[in-house]
Amino acid sequence: MLILGIETSCDETAAAVVEDGRIVRSNLVATQYAIHRPYGGIVPELASREHVRNIVPIVRAALEDAGVTFREIEAIAVTRGPGLIGSLLVGICYAKSLAYALSRPLLGVNHHEGHIFSVVFENPPVRHPALALVVSGGDTSLFWIPEPERYHLLGHTRDDAAGEAFDKVAKLLGLGYPGGPVIDRLAKCGNPRAVRFTIPRTSENDFDFSFSGLKTAVVRYVREREIRPVREGEAVPEVILDLLASFQETVVRTLLERLSRALEQYEARTLILTGGVACNTRLREEVFRLGKEAGIPVYVPSPPLTTDNAAMIAAAAYPKLLRGERSGWDMTAEPGLRLHQVDARRIPARSA
Ligand code: KG4
């Protein structure tokens, strides 16, 4: 089955053609970094306008890249939430029009489920139960997945997402947007033990995350030492390199602490790490080490499949389309759409 995937939940206009839910025939992304960079973060109105400009050419290019015509597409999958309402609506309206014009089935997909499905392309099938850590610019959530397509939320961020913390710290220090890749690169030159930030502790059965305290601690450190933002073309001073390495290490240790506790309490046969922050070198290293210690495989998609993309949306739609699931013409954007059927955050592991 050839599925056209469309993803416009945030600031990437993405289209992909996926065969039988596992073979990527094409996977294209039109990024908007240059548009949002001057503002140090995403401006929703600008994002929607860019999606309108990009959606038609990116879908055409994805079909061309896959070597298929519109007529050969057998179904259309589109992100219906969570995300920015204006951005989501562009993808949904376009997908609906196309499905109607071509008389093809249409299916709305949860963006987080897409991220979890992004591991299907490069790995053997996921063995369940699985644990999945979804770390992106918009969310940080830990799911226990007892069987395919059943999601229990173990913990999520109470304030900023991990990627948001990377982006805000980079903005504070004049390092541009998005902050994750640049901090990842610069942190390699700093001392991760130079600044001691505390990891927010929670109780035994609490897997929630919090990153705003860490962000505030970085702001305080910068003010107290009168560190000024880096200017374009200027060498990054050692004090900032050390600060970035220490900040990154604290984010990684916070994520790892929850993940290793979840591994102790919940049976898991696969560990999934996905979302834009899963590109982080230190985080990858540590999660692979954890999986090795626990004796279970770790699946982390390669960067083009772990950041926002449309192949993952088509992959998540595949088993549902096979079962005959369809979205109606009344499908609309759901900015706060949840993935989990069970909120396991307050339930002890054994009864979850
Ligand atoms: O999943 P994604 O592409 O978009 C959302 O759904 O949010 O994630 C984007 C986020 C941004 O916050 C970006 O700074 C972060 O992922 N990111 C990274 C790295 N690459 C991207 N964070 C840390 N280290 C990286 N190497």
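Since every read-out is calculated from the coordinates, none of them should be taken as a lab result. Source: prediction; values computed, not measured. Methodologically, a virtual Cβ is constructed for each residue, glycine included, from the backbone with ideal geometry; neighbour enumeration extends over all protein chains shown.
Counting only residues 5 or more places away or on other chains, whose amide H sits under 5 Å from the amide H of Tyr151 once H atoms are built in the peptide plane?
Answer set, sorted by chain and number: Gln341, Val342.
Enumerate the lysines that Lys215 could reach by cross-link, defined here as Cα to Cα under 19 Å, with residues fewer than 8 away along the same chain left out.
Reachable lysines: Lys168, Lys171.
How large is the convex hull of the C-alpha atoms of the range 125-300 per residue, in Å³?
Convex hull volume per residue, Cα atoms: 108 Å³.
Using the C-alpha atoms of the range 231-337, what convex hull volume per residue, in cubic angstrom, is computed?
194
For Phe197, enumerate residues with amide H under 5 Å from its amide H, sequence gap 5+ or separate chain, H modeled in the peptide plane.
none
In a solvent-free Debye calculation with one equal scatterer on each Cα, what is log10 I(q)/I(0) for the range 159-251 at q = 0.11, 0.17, 0.20 Å⁻¹, listed in the order of the q values?
Once normalised to I(0) and log-transformed, intensities are -0.29, -0.68, -0.93.
Which one of Ile55, Gly213, Gly108 is farthest out on the positive end of the charge dipole of the chain, using unit charges on Cβ (Lys, Arg +1; Asp, Glu -1) and the Cα centre as origin?
Of the options given, the answer is Gly213.
Using Cα-only point scatterers and the Debye equation, what is log10 of I(q)/I(0) for the chain at each q in 0.13, 0.14 Å⁻¹, rounded to two decimals?
For the requested q values the scattering log ratios are -1.00, -1.14.
Mind checking the range 133-234 for GluC sites (Glu not before Pro) that DSSP puts in a loop (not H, G, I, E or B) and that have at most 15 other Cβ atoms within 10 Å?
When the GluC sites (Glu not before Pro) of the range 133-234 are filtered for loop state and at most 15 Cβ neighbours within 10 Å, Glu149, Glu204, Glu226, Glu232, Glu234 remain.
Check the straight Cα-Cα distances from Lys320 and name the lysines below 29 Å, setting aside those fewer than 8 residues away within the same chain.
Hits, sequence-local ones excluded: Lys96.
With +1 on the Cβ of every Lys and Arg and -1 on the Cβ of every Asp and Glu, and nothing else charged, how large is the dipole of the chain about its Cα centre, in debye rounded to the nearest 20?
Computed about the Cα centre, the dipole is about 380 debye.
Would you list the membrane-span-like helices of the chain, meaning whole DSSP H runs whose alpha-carbon atoms span at least 24 Å along their axis and whose mean Kyte-Doolittle value is at least 1.0?
85-102
I'd like the Karplus ³J(HN,Hα) series for the range 331-337: coefficients 6.51, -1.76, 1.60, θ = phi - 60°, whole numbers in Hz, and an x wherever there's a Gly or Pro.
Values per residue, Gly and Pro as x: 4, 9, 5, 10, x, x, 4 Hz.
Give the long-range amide H neighbours of Glu334: residues separated by 5 or more places, or on another chain, with amide H under 5 Å away, using H modelled in the peptide plane at 1.01 Å from N.
Under 5 Å from the amide H of Glu334: Gly81.
How much length would be gained if the chain were fully extended between Arg201 and Glu74, taking 0.36 nm per residue of separation minus their Cα-Cα distance, in nm to one decimal?
Extra length available between Arg201 and Glu74 comes to 40.8 nm.
For every helix of n ≥ 4 consecutive DSSP H residues, a contribution of -39,500 (n - 2.57) applies; sum these over the chain, divide by its total residues, and give [θ] at 222 nm rounded to the nearest 500 deg cm²/dmol.
-13000 deg cm²/dmol
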